[in-house]
1. For residues that are surrounded by 12 or more Cβ atoms within 10 Å (Cβ to Cβ) and aliphatic (A, V, I, L, M), tally how many sit in segment 35-52.
2. Could you tell me which of the residues I56, I25 is in contact with a His (Cβ under 6 Å, 6 or more places away or on another chain) and without any contact (Cβ under 8 Å) to a residue 60 or more places away in the chain?
3. Of all residues in segment 104-161, which are touching a strand residue (DSSP E or B) at 6+ places or on another chain (Cβ under 9 Å), over 21 Å from R172 (Cβ atoms) and not aromatic (F, W, Y)?
4. Being under 25 Å from D22 (Cβ atoms), aliphatic (A, V, I, L, M) and in contact with a helix residue (DSSP H, G or I) (Cβ under 8 Å, 6 or more places away or on another chain) is true for just one of L76, L104, L52, L152. Which residue is that?
5. So which of A85, A107 is surrounded by fewer than 20 Cβ atoms within 10 Å (Cβ to Cβ) and modelled with pLDDT of 95 or more?
6. Starting from residues that are hydrophobic (A, V, I, L, M, F, W, C) and surrounded by 19 or more Cβ atoms within 10 Å (Cβ to Cβ), keep the ones in segment 4-16 and report whichever is farthest from K110 (Cα to Cα).
7. Determine which member of the set T55, T90, T95 is in contact with a strand residue (DSSP E or B) (Cβ under 6 Å, 6 or more places away or on another chain) and either on the phi < 0 side of the Ramachandran plot or open to solvent by 50 Å² or more (accessible area, probe 1.4 Å) (or both).
Amino acid sequence: MKFIKDILLFQIETTGPIIDRDSIIQLSAVLLDKDNLLEKNFFNSYIKVSFLDNTISQHATQLMVPFETLQKSPKLHDVIRAFIAKFGSTPLLATHSVSNVQFLRQAFKKTFLPYEYDSHVLDLWSLGYVYTLHYGLKKMPTMQTLFQHFNLKQTNPHDALEKARLSAEVFRKIVNG
């Protein structure tokens, strides 16, 4: 199947689920070619959201990365600028959760950068739900359910880039049959 636009499949890791209170601490994405759904490019950045060592240490533990990795990470504004510079706003966004889109929009708002992506987003959860109904799977289509169904191994459940790449593989398998 060919698409009209390249697909920018993104994943985030956050400090919690509340968009107005919590922060993105990792933003990752893979750009899939509209013709063959193969990875054309990728983006991965941790985000330093505090100068307090204790808070940075908690986030590093959550992400399962060394403290120094987060301590040296860029601030949100720099990450969003790099994200825009890498992909622009022409690809179609795709993710597994509406809250991911809301967190991304909030990140743009916090950094006073324009969010210029199309309002249409490819919802991987809905696609997975229809797929699981069609094939008679008796589980809700979480990312982990679909990873298991397609025999994809996840080594770090808190690594947004790994989740983006595995999600891209699930997407390819569902779309290409």
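The values are calculated or read from the model by the stated rules, or taken from the named source; none is laboratory data. Here the structure is a predicted model, which means the values were calculated and not measured. Every residue, glycine among them, receives a Cβ derived from its backbone with ideal geometry; neighbour counts consider all protein chains shown. Heavy atoms of the whole protein, side chains included, go into the accessibility calculation; ligands, DNA and RNA do not. Shrake-Rupley method; radii C 1.70, N 1.55, O 1.52, S 1.80 Å.
1. The qualifying residues number 3.
2. I25
3. Result: L104, Q106, A107, D118, H158.
4. Of L76, L104, L52, L152, the one residue that is under 25 Å from D22 (Cβ atoms), aliphatic (A, V, I, L, M) and in contact with a helix residue (DSSP H, G or I) (Cβ under 8 Å, 6 or more places away or on another chain) is L76.
5. Details: A107 fails: surrounded by fewer than 20 Cβ atoms within 10 Å (Cβ to Cβ).
Matching residue, one of A85, A107: A85.
6. Pass one, segment 4-16, residues hydrophobic (A, V, I, L, M, F, W, C): 4, 7-10, 12.
Retained after the next criterion (residues that are surrounded by 19 or more Cβ atoms within 10 Å (Cβ to Cβ)): 7-10, 12.
On the way: I7: 25, L8: 21, L9: 22, F10: 19, I12: 16 Å.
It comes out as I7.
7. Working: T55 fails: in contact with a strand residue (DSSP E or B) (Cβ under 6 Å, 6 or more places away or on another chain); T90 fails: in contact with a strand residue (DSSP E or B) (Cβ under 6 Å, 6 or more places away or on another chain).
The match here is T95.
Here's the yes/no breakdown for (1) open to solvent by 20 Å² or more (accessible area, probe 1.4 Å); (2) under 23 Å from D118 (Cα atoms):
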| site | (1), (2) |
| --- | --- |
| I18 | yes, no |
| L32 | no, yes |
| V65 | yes, no |
| H77 | yes, yes |
